[in-house]
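For reference, the structure discussed in these notes is given below.
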Amino acid sequence: MARVSFQHLSGAEQGRSTNLPRLPATIGSDPDVDVVIPGLAPRHAVLYQRDGDIVLLDSGSTLGTFLAGNEIQEAVLRNGDVVQLGRGGPRLRFRLPDGPRARTEQLLLAFRMAHHQSSRSFRRTLAVVVVVASALLGWSFLQSRRLDREVTMLRRAVQQADAERRAFEARVEAERQRGDAEGRRLARARAREAELLHQLTDPARGEVPALRAELQATRDRLQAIEAERAAGERIIRDFGSGVALIQGAYSFADASGRPLRYHEDDAGATIRQSDGGPVLDAEGTGPVHVIEYYGTGFLVDGKGLILTNRHIAEPWWNDDEADKLLKAGFHPRLSYLRGFFPQHRQPFELAFERRSDTVDLALLKVNLRGSRIPVLPLDRSHTGSVAGQPVVVVGYPAGLEAILAKAENGVVKQILESHGTNSERVTEALSLRGLIRPSTTQGHIGDITRSDIVFDAPTTQGGSGGPIFNKNGQVIAVEYAVLPKFGGNSFGVPVTYALELLELRRAGRKKPVA
């Protein structure tokens with residue numbers, strides 16, 4: 001391997017040169033790396049050799065690595081290339097001072113000296129040098145193998161992060177297109193109304209009665225669409241800030257409290273079962289197995305009670321994969337559970353309060369810290385749900401994807417470049433920018449049973465736990481499931497069960513909801 005070095009052109013080490021006796025080599029602020037530069041990530045980048053080339057690999061740093069002014073993830077370095085670590089950060093010039101010819105001449109010179117100085121003491125010294133050199137070479141080889149494995153794992157992690165980001169952005173774009181399609185539907189109805197009005201003023205047309213009938217039907221349809229949109233806007237205006245995005249994460253541990261981890265091979269890849277699922281065990285050497293999720297909840301009491309689904313408060317409940325781990329002797333534990341209310345930049349920590357044992361409902365407790373958050377009105381008349389009547393569903397369907405879809409492209413790009421696909425940090429960044437706001441969808445009640453209200457308003461995962469309003473602006477149900485293969489129908493738990501759960505909580509009784 002050619003002896004490589006970096007000449008520091010700017011930054012805290014300006015004017016110095018750093019020689020690298022071996023590759024792979026690491027660059028960062030950690031004292032244990034090969035090229036130490038204050039102010040960088042602990043391990044900002046890695047330099048390694050591949051097929052005779054010297055390659056620079058960014059370690060997923062938030063500052064970024066730049067070559068010739070372009071941000072790179074991985075690039076082959078040539079003699080004289082200038083690398084910048086972070087935009088506006090320290091600049092280094094890459095050097096290959098020793099060519100193959102110079103190295104050969106040095107070796108020949110050493111052999112000539114050994115030939116002329118062949119005394120016994122010299123040979124004894126030479127033998128010691130050879131032993132020490134062999135030991136150092138062996139140690140260097142082991143270190144090189146270790147760093148090679150780290151580079152392989154890092155490249156795999158970068159590739160996986162890029163794939164996740166592309167998939168994430170694709171889901172955001174799909175959610176954006178769905179919102180655009182709703183706007184186009186209203187625009188087509190308005191355009192059709194204008195076209196019919198124009199045709200009615202044409203004396204040459206003879207089908208005036210038919211046109212009048214179609215115009216009236218179009219106006220009725222347009223009026224219904226606009227009335228539903230107006231209802232949604234009114235509900236969002238009055239009660240939207242009382243609907244929270246719930247974000248949580250949980251893991252599993254064995255009886256002694258050891259967390260469940262992924263099993264990895266020597267190269268750092270996750271070992272898979274025959275069905276493709278990861279191998280999990282408390283003895284695993286990989287990362288802890290953490291499940292992240294999103295949902296919706298809303299304030300129902302001025303003292304800080306949030307109504308949501310039980311499968312949001314206890315996400316392992318009624319989950320097939322979690323049931324397998326529970327039967328294997330592992331127990332779940334929440335890593336965090338928090339709520340993001342619109343108009344509040346910081347999240348609120350949530351605590352479990354009470355659950356229903358018969359329906360998918362639960363109460364969470366939140367310290368409002370003196371914040372003025374509206375309490376949503378619950379329908380206590382038992383007559384607010386009528387089949388065929390319109391409903392407005394408020395929540396966070398599609399979770400982060402829908403929120404990012406409503407944000408400007410430049411903001412989305414900035415957030416994803418800064419935080420990658422770390423959902424916890426992305427959500428915090430969105431909240432700090434005031435971008436967490438619930439969405440509304442409109443539909444109609446299809447059927448009402450004792451245990452369900454069936455409706456056709458579009459929704460998806462992430463909307464669970466959201467309030468379902470009637471045309472009078474009262475909550476008549478709590479969304480809990482959607483069956484896209486069954487006509488797109490969604491299901492809500494009637495609010496009567498929520499009222500009973502609240503009453504049991506106030507009374508302090510310890511019996512399940514009837």
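The values are calculated or read from the model by the stated rules, or taken from the named source; none is laboratory data. If you're wondering where the values come from, they're calculated on a predicted model, not measured in any experiment. Backbone-built Cβ (ideal geometry, glycine too); neighbour counts: all protein chains shown. For accessibility, only protein heavy atoms count, side chains too; no ligands or nucleic acids. Shrake-Rupley method; radii C 1.70, N 1.55, O 1.52, S 1.80 Å.
Structure data summary
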{"quantity": "Filter pass, residue 429 being open to solvent by less than 40 Å² (accessible area, probe 1.4 Å) and free of Cβ contacts under 8 Å to residues at least 60 places away in the same chain", "calculated": "yes"}
{"quantity": "Pick from the range 321-349, criterion under 20 Å from the mean Cα position of the chain (by Cα) and open to solvent by less than 20 Å² (accessible area, probe 1.4 Å), ranking: modelled with the lowest pLDDT", "calculated": "342"}
{"quantity": "Boolean, residue 15 is under 37 Å from the mean Cα position of the chain (by Cα) and of a type outside the set (S, T, N, Q)", "calculated": "no"}
{"quantity": "Odd one out for residue 292 among (1) at pLDDT below 95; (2) over 30 Å from residue 369 (Cβ atoms); (3) not polar (S, T, N, Q)", "calculated": "(2)"}
{"quantity": "Given (1) without any contact (Cβ under 8 Å) to a residue 40 or more places away in the chain; (2) closer than 20 Å to residue 427 by Cβ; (3) part of a loop (DSSP other than H, G, I, E, B), index of the condition residue 285 fails", "calculated": "(2)"}
{"quantity": "Extreme residue, nearest to the chain's Cα centre (by Cα), among residues of the range 261-294 that are more than 30 Å from residue 396 (Cα to Cα) and among the β-branched types (Val, Ile, Thr)", "calculated": "270"}
{"quantity": "Flag if residue 393 is under 15 Å from residue 298 (Cβ atoms), part of a strand (DSSP E or B) and of a type in the set (A, V, I, L, M, F, W, C)", "calculated": "yes"}
{"quantity": "Odd one out for residue 393 among (1) buried (at least 24 other Cβ atoms within 10 Å of the Cβ); (2) under 22 Å from the mean Cα position of the chain (by Cα); (3) among the hydrophobic types (A, V, I, L, M, F, W, C)", "calculated": "(2)"}
{"quantity": "Residue list for the range 335-362, restricted to those being over 30 Å from residue 237 (Cβ atoms), assigned to a strand (DSSP E or B) and in contact with an Asp or Glu (Cβ under 9 Å, 6 or more places away or on another chain)", "calculated": "335, 336, 352, 355"}
{"quantity": "Neighbours by Cβ (under 7 Å, 6+ apart or cross-chain): first from the range 313-339, more than 13 Å from residue 362 (Cβ to Cβ); second of a type in the set (S, T, N, Q) and at pLDDT 95 or above", "calculated": "333/251; 335/251; 338/247"}
{"quantity": "Hits in the range 25-70 (condition: of a type in the set (Asp, Glu), exposed (fewer than 15 other Cβ atoms within 10 Å of the Cβ) and assigned to a strand (DSSP E or B))", "calculated": "53"}
{"quantity": "Selection from the range 432-444 of residues that are out of contact with any strand residue (DSSP E or B) (no Cβ under 6 Å at 6 or more places or on another chain), open to solvent by 40 Å² or more (accessible area, probe 1.4 Å) and either part of a strand (DSSP E or B) or over 13 Å from residue 245 (Cβ atoms) (or both)", "calculated": "432, 433"}
{"quantity": "Residues satisfying the stated conditions in the range 77-103, i.e. open to solvent by less than 20 Å² (accessible area, probe 1.4 Å) and either modelled with pLDDT under 50 or under 21 Å from residue 23 (Cβ atoms) (or both)", "calculated": "77, 83, 85, 92, 94"}
{"quantity": "Where a residue in the range 433-447 is under 30 Å from residue 409 (Cβ atoms) and its partner, wherever it lies, is of a type in the set (Asp, Glu), with Cβ under 8 Å and at least six apart", "calculated": "440/233; 442/228; 443/456"}
{"quantity": "Residue match in the range 4-22 (condition: under 23 Å from residue 420 (Cα atoms) and either among the aliphatic types (A, V, I, L, M) or touching a Leu at 6+ places or on another chain (Cβ under 9 Å) (or both))", "calculated": "no"}
{"quantity": "Exclusive hit being touching a helix residue (DSSP H, G or I) at 6+ places or on another chain (Cβ under 6 Å) and more than 30 Å from residue 268 (Cβ to Cβ), set 361, 305, 337, 368", "calculated": "361"}
{"quantity": "Breaking point among (1) open to solvent by less than 70 Å² (accessible area, probe 1.4 Å); (2) farther than 27 Å from residue 142 by Cβ; (3) under 31 Å from the mean Cα position of the chain (by Cα), for residue 10", "calculated": "(3)"}
{"quantity": "Qualifying residue in the range 445-452 (condition: buried (at least 20 other Cβ atoms within 10 Å of the Cβ), at pLDDT 90 or above and either acidic (Asp, Glu) or within 23 Å of the chain's Cα centre (by Cα) (or both))", "calculated": "no"}
{"quantity": "Residues that are crowded, with 22+ Cβ neighbours inside 10 Å and charged (D, E, K, R), drawn from the range 356-378", "calculated": "360"}
{"quantity": "Selection status of residue 306, part of a helix (DSSP H, G or I), within 27 Å of residue 376 (Cβ to Cβ) and open to solvent by less than 30 Å² (accessible area, probe 1.4 Å)", "calculated": "no"}
{"quantity": "The range 396-418 - residue that is out of contact with any helix residue (DSSP H, G or I) (no Cβ under 7 Å at 6 or more places or on another chain) and among the aliphatic types (A, V, I, L, M) and, of those, surrounded by the most Cβ atoms within 10 Å (Cβ to Cβ)", "calculated": "407"}
{"quantity": "Yes/no for residue 493 being modelled with pLDDT under 65 and in contact with a Leu (Cβ under 7 Å, 6 or more places away or on another chain)", "calculated": "no"}
{"quantity": "Any hit, the range 104-121, residues being at pLDDT 70 or above and not in a helix (DSSP H, G or I)", "calculated": "no"}
